[in-house]
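Trainee: Here you go, one structure.
The values are calculated or read from the model by the stated rules, or taken from the named source; none is laboratory data. Computed from a prediction, not measured in an experiment: that's the story for all the values here. Ideal geometry is used to build each Cβ from the backbone, glycine not excepted, and the neighbour counts take in all protein chains shown. Side chains are part of the model used for accessible areas, which takes the heavy atoms of the whole protein and leaves out ligands, DNA and RNA. Shrake-Rupley method; radii C 1.70, N 1.55, O 1.52, S 1.80 Å.
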Amino acid sequence: MLNIALDTTLVTTFNPRSLLYLFDMIGIVACSVSGTILAKHKNFDVFGCLLVSIVTAIGGGTVRDVILDRHPLFWMIDMSYLTVITIASITMQIFFNPNSRRVDKFLKLTDTIGLSAFTLIGIKVADSMGANVPVALLLGVITIIVGGIIRDMICNEIPLVLQQEIYISAALAGGILYFALYNLGVAVWVADICTMSAIFSIRILAIRYDWQFPSLEWRR
Amino acid sequence: MLNIALDTTLVTTFNPRSLLYLFDMIGIVACSVSGTILAKHKNFDVFGCLLVSIVTAIGGGTVRDVILDRHPLFWMIDMSYLTVITIASITMQIFFNPNSRRVDKFLKLTDTIGLSAFTLIGIKVADSMGANVPVALLLGVITIIVGGIIRDMICNEIPLVLQQEIYISAALAGGILYFALYNLGVAVWVADICTMSAIFSIRILAIRYDWQFPSLEWRR
Amino acid sequence: MLNIALDTTLVTTFNPRSLLYLFDMIGIVACSVSGTILAKHKNFDVFGCLLVSIVTAIGGGTVRDVILDRHPLFWMIDMSYLTVITIASITMQIFFNPNSRRVDKFLKLTDTIGLSAFTLIGIKVADSMGANVPVALLLGVITIIVGGIIRDMICNEIPLVLQQEIYISAALAGGILYFALYNLGVAVWVADICTMSAIFSIRILAIRYDWQFPSLEWRR
């Protein structure tokens, strides 16, 4: 169903803006669900789970915009963010099942879609505020990673996202590709789609084949 | 003595602004004392305890104002915040007794007064900056909760406030009541007093009768 | 080699601004190395370590500037911050040796130089933004301490800096000395050098002789 929805959007309008927005919302749902699951495991109450979901979903974008002094914040203007988070978190709390495998698979797909959308949005926002390339890449990484880090800090866990497989590296590769295409004069919507596809593919392949970024340690 | 002071204010001036300010300061003292106690248990030194107190007391309001881009921050203009926090924390450190029951009772009362004042202030500030109702409610919750969450993150504890009894829910109920009364055209000071009384009563009753917000889990 | 470089700067130009900048960068290297070491111990990957380094090195200054509403942030204008952090973190990751004693000694010296520079910069920035003396002192302490606290929160450790020997107290003593000299009409560069020397000396003596700030506890 998810794929059909995406295809329809692609076929009918082929508007990368609305596609980016759709992917953004899918990422918001993924963050909200993952926040609720971890909060549930820590026995947080209804509003505790909801708050952790909100922080996970919009924490990264909020920190990015505060660093860039970009006000008012995106979730204060567009109420769909808080609405989608609340619905996703409440639904997840009602149908919560700690041993569900299906949620795990669902999360892997949606989180990867979110990763590609969040990175691209973060980079575009930073670029539009006049940040140079390294700062824009850093702010793209902040957009994808800070929500999950605050979630893990609240729940007293060590952030998995900093230990695990290709995650920040996929975002960075996509970001560098974006600026390369941009400077080559490629149309913005082509650069957008290439960037998101690249991030999505690298991350999915990394999960599938269990890729790891090589350690830099120099062993004597 | 506390009650007499409150009554006097009520009788002599009946100015809800100054009452709100007094309750705000009582809440600041409560946060400062609770921060110092937890920091003491973690063997922080004098300035470590003071810093945790400061973060607990003004962290929520600071995050709210940064999100709203409301500068300069309240505690930079009105020095009574830092003064009250410092006096409360130093006093607590001098007369610290880990097994004291009296402090526990004192904290429950003052923290509840602070809860009602912080929520109301957070909502009013967000409203005055043009935030809509859901955003104002969220920022009210952020005002009461973020200080304690950062305190618990620094001290490596899982935030009790997200697990426990009616806390966020009392604040939300009060906030909804505030906007309901406001839209009904009730005078502001009446809405203020009703909101604070409602939050205070719900929270005190929740502690007294050990209320819990029902879990949303749907068990088959 | 380090001392020679400093001496040359002092002898040839005697420009406290450039000396302060050099000390600032030494502090940035110290934060970056300490962040990488802790992240390595938690098995973070290459970019995880780099991110923790960045947060440790510029987290304090970023929070200070966000609180003061001072935009754009210093590390967005001057790219040497991100460059130095990246080089220091990558070098540390390549030549990482968990049992090295030399790194420990190197860190104690560089961290103390950084402590004196960060405090002075924090106080000067806050002062230039119109903050009064207590707020400027608090923002000086925030500059030196918040990066390390976020590093420890991410890595699930209790911040050592809040428990340990004379650290915040050295910064506060230096800050008070700065404002005292400033009000006595002493030239700014003299006040700068005195402040940094005082913080450096107090901290080094505290490490050498294992000084502790007396606990305020009043024992019956």
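Trainee: Assuming R0 = 45 Å, can you tell me the calculated FRET efficiency for the pair B:ARG102 and C:ASN99, based on Cβ-Cβ distance, to the nearest 0.05? Write out the running numbers ahead of the final one.
Mentor: On the way: r = 49 Å, r/R0 = 1.10.
For R0 = 45 Å, the calculated efficiency reads 0.35.
Trainee: Turning to a different aspect of this structure: Of the candidates A:ASP104, A:ASP192, A:ASP24, which one comes out as most mobile in a Gaussian network treatment of chain A with C-alpha springs shorter than 10 Å?
Mentor: Judging by the Gaussian network model, the answer is A:ASP104.
Trainee: How large is the dipole of the stretch A:116-220 about the Cα centre if only Lys and Arg carry +1 and Asp and Glu carry -1, each at its Cβ, rounded to the nearest 20 debye?
Mentor: Values: 6 positive and 7 negative charges, 30 e Å.
Using Cβ point charges on Lys, Arg, Asp and Glu, the stretch A:116-220 gives about 140 debye.
Trainee: Go ahead and run the numbers for FRET between B:VAL186 and A:LEU109, Cβ-Cβ distance against an R0 of 41 Å, rounding to 0.05.
Mentor: Numbers: r = 50 Å, r/R0 = 1.21.
Computed FRET efficiency for B:VAL186 and A:LEU109 comes out at 0.25.
Trainee: If you count only protein heavy atoms and use a 1.4 Å probe, how large is the accessible surface of B:GLU217, to the nearest 10 Å²?
Mentor: Ignoring ligands and nucleic acids, B:GLU217 comes out at about 50 Å².
Trainee: Could you tell me which helices of chain B pass both thresholds, a Cα extent of 27 Å or more along their own axis and a mean Kyte-Doolittle hydropathy of at least -1.0, with helices taken as whole DSSP H runs?
Mentor: Details: long enough: B:16-41 (37 Å, 1.00); B:46-68 (33 Å, 1.79); B:101-128 (40 Å, 0.38); B:133-154 (31 Å, 2.15); B:188-208 (30 Å, 1.50).
Span-like helices in chain B: B:16-41, B:46-68, B:101-128, B:133-154, B:188-208.
Trainee: Here's another thing I want to ask about it. Using 26 Å as the Cα-Cα cut-off, could you pick out the over-long pairs in B:LYS42/B:LYS108; A:LYS40/B:LYS105; B:LYS40/B:LYS124; B:LYS40/C:LYS105; A:LYS42/A:LYS105?
Mentor: Values: B:LYS42/B:LYS108 21 Å; A:LYS40/B:LYS105 30 Å; B:LYS40/B:LYS124 34 Å; B:LYS40/C:LYS105 30 Å; A:LYS42/A:LYS105 22 Å.
Listed pairs above 26 Å: A:LYS40/B:LYS105; B:LYS40/B:LYS124; B:LYS40/C:LYS105.
Trainee: Summarise the partner chain shielding of A:126-136 as one whole number: the mean count of Cβ atoms from other chains within 10 Å of each residue's Cβ. If you can, show how the numbers build up before the last one.
Mentor: Numbers: counts 1, 0, 0, 3, 2, 2, 3, 0, 5, 7, 0.
The per-residue average across the peptide is 2.
Trainee: Could you tell me what percent of the accessible area of the stretch A:111-220 is made up of carbon and sulfur, with a 1.4 Å probe and every protein chain present?
Mentor: Numbers: 2920 of 4630 Å².
Answer for the stretch A:111-220: carbon and sulfur cover 63 percent of the accessible area.
Trainee: Identify which of B:TYR182, B:TYR209, B:TYR21 has the largest mean-square fluctuation in a Gaussian network model of chain B, with springs joining Cα atoms closer than 10 Å.
Mentor: B:TYR209
Trainee: Continuing with this model, one more query. At a probe size of 1.4 Å, how large is the accessible area of B:TRP211, to the nearest 10 Å²?
Mentor: 110 Å²
Trainee: Next question, about the same structure. Divide by every residue of the protein assembly as shown the summed helix terms, -39500 (n - 2.57) for each DSSP H run of at least 4, and state the resulting mean residue ellipticity at 222 nm, rounded to the nearest 500 deg cm²/dmol. Each step should come with its number before you reach the end.
Mentor: Details: 27 runs with 498 residues, N = 660.
Calculated mean residue ellipticity at 222 nm is -25500 deg cm²/dmol.
Trainee: Enter the Cα centre distance for the pair the stretch A:125-165 and the stretch B:27-76, rounded to the nearest angstrom.
Mentor: A separation of 25 Å, based on Cα centres.
Trainee: Quick one: with label points 7 Å out along Cα→Cβ, list the inter-copy distances for A:GLY185 in nm, shortest first?
Mentor: 6.6, 6.6
Trainee: Sticking with this one: Give the shape of the protein assembly as shown as rounded, prolate or oblate, defined through the alpha-carbon gyration tensor: a ≥ b ≥ c are the square roots of its eigenvalues, a/c under 1.5 means rounded, and otherwise the shape is prolate if a/b is larger than b/c and oblate if not. Before the final figure, lay out the partial values.
Mentor: Details: a/c = 1.62, a/b = 1.00, b/c = 1.62.
It comes out oblate by the Cα gyration axes.
Trainee: Inside 10 Å of the C-beta atoms of A:61-72, what's the mean count of C-beta atoms belonging to other chains? Display every interim value, and only then the final one.
Mentor: Details: counts 0, 3, 2, 0, 2, 7, 8, 4, 8, 2, 6, 7.
Other-chain Cβ atoms within 10 Å of each residue's Cβ, averaged: 4.
Trainee: Rounded, prolate or oblate: which one fits chain A, using the alpha carbon gyration tensor with axes a ≥ b ≥ c (rounded when a/c is under 1.5, else prolate when a/b beats b/c, else oblate)?
Mentor: On the way: a/c = 1.41, a/b = 1.23, b/c = 1.14.
Taking the square roots of the gyration eigenvalues as a ≥ b ≥ c, chain A is rounded.
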